[in-house]
Every structure is written in structure tokens, then in C-alpha cells.
Amino acid sequence: MTAPVALVESALAEFFHSRRDQVARVGGGYRSAVADLEAFVLRGGKRIRPSFGWMAWLGAGGDHRSPQAASVLRACASLELIQACALIHDDIIDASLTRRGFPTVHVGFTERHRAAGWSGSSERFGESAAILLGDLALCWADDMLRESGIGHEAMGRVSPVWSAMRTEVLGGQLLDIEAEAGLDESVEAAMQVNRYKTAAYTVERPLQLGAVLAGAPESLVDAYRSFGTDIGLAFQLRDDLLGVFGDPAVTGKPSGDDIREGKRTVLMAVALQLADRDRPDAGSLLRSSLGVVDLTEDTIEIIRTVLIELGAVADVERRISELTNRALDTLKTSAVEPHAAAQLRAMSIAATQRTY
């Protein structure tokens, strides 16, 4: 049984409801700001992280009919609040204007400040408010996990995983902004960003969380982590391609935003490596275009063509295939319960071959 999106979202909605009186006592604009956070969390999203955590629990012996199932589902759903924090802060760092087809959180607060005619900088107000909401999401993720009902012993097993995940995602974000500053153009550096900014908290750690919730043996936990690292990296490499070639109507973000934001993705690192070897003119174009916020669509289309001609797109597709195949081999030889393994295989293929 997969983790139904509706059940994950119901658990999240119940948690937000549990905080309403506390938020109301603070007064001011806090209630409306938290309502914005709730809308952001509940509006769309693929719920990948809770799904991997839940399926890992089932694959390690968990039973969806057991009394513990509801608590495990709540614990897995709390991962969405970690995701909310990461997205809100990432959008500020990248100066992104849209997310899932809506204004980003900081843009929404900026527009509210401007429309109300409040004093001070609308942009600074928007960013400040969004930073605080991202912080709140991170705090509430901890609260939701702690109040999930998984029990003291299970919490003792989960806590080290949870702590490592939070530390890694923040470290990965720092590596990302260092990369955007041009400190390291290598493919290895870009893969390191992907490993900790995305792969660890998207697939690897949720799988580990589900496994330790079930009290899985170390050998199974290790298999989950190996599988999760490879699928998480492949997931992010697909995201790198979508950041340049994706359809805005499907992805909810303008195509080419990764270039305008100066993202030092694996795709771009491979392209620069190939350009320096074969086409210095292409390398100059790519370097001069990274981080230029007003790039025209015509220039973005030229860059897309260059990335294809250099072989960078084919290289990234090859990496996705290799990582996915290795992960599926790990899964095949693991002790994961067969039905759960089949579901994890399907989820992994969907995540790494997606067009959204």
C-alpha cells in the first residue's frame, strides 16, 4: 500500500489546525502569515519524501493495518515541512518569482506590503517574512515528528537520522551558493551539492527513517541508503535538465531559470568541461550567461542548442541511467519485502524519468 497523498495532506492539515490557537494568541499578522505557509505546504507537491519513508517502513516489515501505521504516516508527513523550509529559503536565495505556478512566498509578502502602502522596502519585508516562515516550517517539522506518536524507542532510533538530514540539507545549500560564486566549476563539486542539498533529504534519509522506524537490521538500512543515494542523485540530475528544458506550464517555473540564477548544475559543469576541451567559444557563452537575470528567450534557446551539441545533455542522461540501474540492482538483491520493492522500483522510475 502506497502512502496516499490525501492521507499525508490530511496529517499536515491536522497539524496546522493543532497550532491555530497558539498562533492566534500571538496576534498581528501572524495568523494570516501562517495561513500562507499552510497554503504553500498543502498546495501541490509530489509528496516524494513521505512516500519513500512510508514505503521503506512497509518494506522493512511494517504493516499498514497495524495500530502504529497512523503514527508512522504522521512521522513521514513531517518531512514535507522540511521540504517547505528548504523551498521557501531556496526561492529567496535564488530570487525566484514563481513556485508551482504561484508567486513564491517572499514575492507574495512583497506584493502585500506594496499593495498596503506600508513603510519601508517591500522587497526587504517580503524576504524577511519568508525567512521567518521557512524557519517556522523547520521548527514545526521537529514538532510534528515528536508528536507523531511513534513512541520513545522509535524516536531514539529516528533522532540521529533526522539530525543528520537537517544538517546535510543546510550544508548542501551552502555548497550550492559557493558553487554559484564560481569557487569550483568541477563536475565533482556539482555532484557534491546534489548529494547533500537534494539526494540525502529527498530519498536516502526518508528511506532510512522508514527503515529505522520498523527496527530494520543494519544490512537492510545500508541497502536502503545505497539505493536512496543513487535514486536521489538521478532525481536531481533530471531536475537539472528540467531547469533548462522543462515546460513552464508543467514545471510551474520559467524555463531557463537555472541559467538566469547562475546554477552550477552537473549539466552546466559537464558542458563547461566539454566546451573547454572542444569549443572555447561555447565555454565563453555559457560563463557569460550564468547569473544574467535578463537573458532573453532567444539566448536561452541558443544555450539549449549548445548544451545538446556539446554532448552535455547526453552525458547527464547517461549518468541518470547508470545511477538508476545501479539503484535498482541494489534493490533487487536486498531483503526488502517484494511488494514494497516493486512499489519502490516504480516510484524510482517515475522520479528519474519525470517531465515535471
With the structure loaded, tell me whether ASP176 is crowded, with 21+ Cβ neighbours inside 10 Å and part of a helix (DSSP H, G or I) or whether it fails that test. yes
Does ASP247 satisfy the condition of being crowded, with 21+ Cβ neighbours inside 10 Å, of a type in the set (D, E, K, R) and in contact with a Ser or Thr (Cβ under 9 Å, 6 or more places away or on another chain)? no
Residues in segment 149-172 that are over 24 Å from the mean Cα position of the chain (by Cα) and at negative phi: how many? 5
Going by what's in this entry, would TRP118 be described as crowded, with 20+ Cβ neighbours inside 10 Å and among the aromatic types (Phe, Trp, Tyr)? no
Some residue of segment 111-131 being of a type in the set (Asp, Glu) and under 17 Å from GLY262 (Cβ atoms): no
Output the number of residues of segment 97-131 satisfying the condition of being at pLDDT below 95 and hydroxyl-bearing (Ser, Thr, Tyr). 1
Could you pull out every one of the helices (runs of 4 or more DSSP H) wholly within segment 4-95 that has 2 or more residues that are free of Cβ contacts under 8 Å to residues at least 24 places away in the same chain and over 27 Å from VAL221 (Cα atoms)? 5-18, 20-26, 30-42
Taking ALA327 as the residue in question, decide whether it is crowded, with 18+ Cβ neighbours inside 10 Å and at pLDDT 95 or above. yes
Against the condition part of a helix (DSSP H, G or I), out of contact with any strand residue (DSSP E or B) (no Cβ under 7 Å at 6 or more places or on another chain) and either closer than 28 Å to LEU81 by Cβ or polar (S, T, N, Q) (or both), how does MET191 come out, does it pass? yes
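The values are calculated or read from the model by the stated rules, or taken from the named source; none is laboratory data. The shown structure was predicted, so the numbers you read here are calculated from the model rather than taken from an experiment. Note that each Cβ is placed from the backbone with ideal geometry, even for glycine, and that neighbours are counted across all protein chains shown.
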